[in-house]
Amino acid sequence: MFKLTRNPDIYHGRNKDYNFFEGWYFKIVHPHRNITYCFIPGIFLSNKKECSHSFIQVLNGYESNFKYLTFKRSDFKASSSKFDVSVENNHFSLNRINININEQEIKIMGNLEFNNIIKWPDTLINPGSMGFYNYLSFMQCYSQVCAIDGYIKGSLDINGENIDFTGGKVYIEKNWGKAFPYSYIWVQGNSFNSSHGAVTASIGHVPMPFTSFTGFLIGINANNKFYKFTTINKSKISIKFDDESIILEAHKKDCILKLRGIYEEKNFMNLFAPREDKMVPIARETLQGRLEVILYDKKSNEIILNDSCNCAGIEFSGNYKELMMDNNY
């Protein structure tokens, strides 16, 4: 148990037979073209044994095309000691993926290597991106930013076209537990125009025994330094919505973050996520978002990061516009 807590990247379901899910999210972005794909391998263990299965969700961001590919439960394999999972003939780890998909009118083959991986800095007390919440055994849903940034080497043959992703960006995260949050917001980008930056932000409803609250974690890597705005470090956050855009501001003692995520409703796809013992299309995501990010240092009165990012991921679920009603600073 302690090994799983200290290394949230690895598989947590070895002793689970039902009422459990786990999935890893791999987003890859081409270095020059607006080509973005996402692969989500995982496993869903239902209270009804016949409904349990493994899966790979495939997102084509440029065409806003989504497929949910199902496999037998036995097709899922995972290492007990490191981040290493496979679904049928598809292999996924922190440093590479091997894709062999040929079904539902999708044919994707190839190998990608990931290097210069930047992980979320953690400690013994606060392991992973969720921190000490990883030590609590009753959480509805756990999350982990496995790699906030990294570079790609290799190519994929996608429906007969060889696409070289070398020099592009990769982002990796995961979720596991009993069900997805009933309401949440997620924003991510690491393909900035003029700087080496990366940002990820999650805000969600967190049920606890006898109560609930809105929790959030925001991580930014800029100029080789990592900045955190989280519930744990007592940051303050405000979220507003404009016409097809989300405006997020986060404050802590020494920094201010201002982020605008711009999207078009027509580009959203409905991803599957666990809810009430089913995998259902409750997560609306686009990979064609645009982020405008300003990170400001209060002490030095200097701007740390002021840049924009294309091919950003933006995702909403549930009553997401009501999340911050009682949490604005």
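Restricting attention to segment 200-217 and to residues that are of a type in the set (A, V, I, L, M, F, W, C) and out of contact with any Leu (no Cβ under 7 Å at 6 or more places or on another chain), the residue that is surrounded by the fewest Cβ atoms within 10 Å (Cβ to Cβ) turns out to be Phe210. Which residues, counting only those in segment 65-105, are loosely packed, with under 15 Cβ neighbours inside 10 Å and in contact (Cβ under 8 Å) with a residue 40 or more places away in the chain? If the condition is that a residue be loosely packed, with under 15 Cβ neighbours inside 10 Å and in contact (Cβ under 8 Å) with a residue 40 or more places away in the chain, then Asn65, Ser79, Ser80, Ser81, Lys82 are the ones that fit. Somewhere in segment 203-213, is a residue polar (S, T, N, Q) and either at positive phi or out of contact with any helix residue (DSSP H, G or I) (no Cβ under 8 Å at 6 or more places or on another chain) (or both)? Yes, segment 203-213 contains a residue that is polar (S, T, N, Q) and either at positive phi or out of contact with any helix residue (DSSP H, G or I) (no Cβ under 8 Å at 6 or more places or on another chain) (or both). Taking the criterion of being at pLDDT below 95 and part of a strand (DSSP E or B), no residue of segment 253-272 qualifies. When segment 187-221 is filtered for residues that are among the polar types (S, T, N, Q), over 13 Å from the mean Cα position of the chain (by Cα), over 19 Å from Pro127 (Cα atoms) and part of a strand (DSSP E or B), the ones remaining, listed by number, are Thr211, Ser212, Thr214. With respect to being closer than 30 Å to Thr70 by Cβ, assigned to a strand (DSSP E or B) and either among the aromatic types (Phe, Trp, Tyr) or touching a strand residue (DSSP E or B) at 6+ places or on another chain (Cβ under 8 Å) (or both), Ala250 falls outside the description. Among the residues of segment 253-265, which ones are of a type in the set (D, E, K, R) and either touching a residue at least 24 places away in the same chain (Cβ under 8 Å) or in contact with a Lys or Arg (Cβ under 7 Å, 6 or more places away or on another chain) (or both)? Result: Lys253, Asp254, Lys258, Arg260, Glu264.
Screening Phe241, Phe226 for residues that are part of a strand (DSSP E or B), in contact with a Pro (Cβ under 6 Å, 6 or more places away or on another chain) and within 17 Å of Ala201 (Cα to Cα) leaves exactly one candidate, Phe226. Does Asn116 qualify as being over 29 Å from Arg290 (Cβ atoms) and modelled with pLDDT of 95 or more? Considered against the rule, which asks whether it is over 29 Å from Arg290 (Cβ atoms) and modelled with pLDDT of 95 or more, Asn116 comes out as no.
Using the structure shown, decide if Ile294 is surrounded by fewer than 17 Cβ atoms within 10 Å (Cβ to Cβ), of a type in the set (Val, Ile, Thr), over 30 Å from Tyr37 (Cβ atoms) and modelled with pLDDT of 95 or more. Considered against the rule, which asks whether it is surrounded by fewer than 17 Cβ atoms within 10 Å (Cβ to Cβ), of a type in the set (Val, Ile, Thr), over 30 Å from Tyr37 (Cβ atoms) and modelled with pLDDT of 95 or more, Ile294 comes out as no.
Can you find a residue in segment 274-290 that is closer than 30 Å to Asn47 by Cα and assigned to a helix (DSSP H, G or I)? No - not one qualifying residue is present in segment 274-290. When segment 300-325 is filtered for residues that are more than 14 Å from Val187 (Cβ to Cβ), in contact (Cβ under 8 Å) with a residue 12 or more places away in the chain and charged (D, E, K, R), the ones remaining, listed by number, are Asp307, Lys321, Glu322.
Evaluating Phe132 against the criteria (1) in a helix (DSSP H, G or I); (2) buried (at least 23 other Cβ atoms within 10 Å of the Cβ) leaves one unmet condition, (2). For segment 227-242, the condition of being among the aliphatic types (A, V, I, L, M), out of contact with any helix residue (DSSP H, G or I) (no Cβ under 9 Å at 6 or more places or on another chain) and within 23 Å of Ser64 (Cβ to Cβ) holds for none of the residues. Contact map, segment 172-183: residues that are of a type in the set (D, E, K, R) paired with residues that are assigned to a loop (DSSP other than H, G, I, E, B) and surrounded by fewer than 24 Cβ atoms within 10 Å (Cβ to Cβ), Cβ distance under 8 Å, separation 6+ or inter-chain. Pairs shown: Lys174/Pro8; Lys174/Asp9; Lys178/Asn19; Lys178/Gln140. Looking at segment 8-47, which of the residues that are within 30 Å of His196 (Cα to Cα) and surrounded by fewer than 17 Cβ atoms within 10 Å (Cβ to Cβ) is modelled with the highest pLDDT? The qualifying residue modelled with the highest pLDDT is Pro31. Just wondering, is there one or more residues in segment 163-170 that are under 30 Å from Thr211 (Cα atoms), surrounded by 19 or more Cβ atoms within 10 Å (Cβ to Cβ), of a type in the set (D, E, K, R) and at pLDDT 95 or above? No, segment 163-170 contains no residue that is under 30 Å from Thr211 (Cα atoms), surrounded by 19 or more Cβ atoms within 10 Å (Cβ to Cβ), of a type in the set (D, E, K, R) and at pLDDT 95 or above.
The values are calculated or read from the model by the stated rules, or taken from the named source; none is laboratory data. Computed from a predicted structure; not experimentally measured. All Cβ positions, glycine included, derive from the backbone under ideal geometry; neighbour counts span all protein chains shown.
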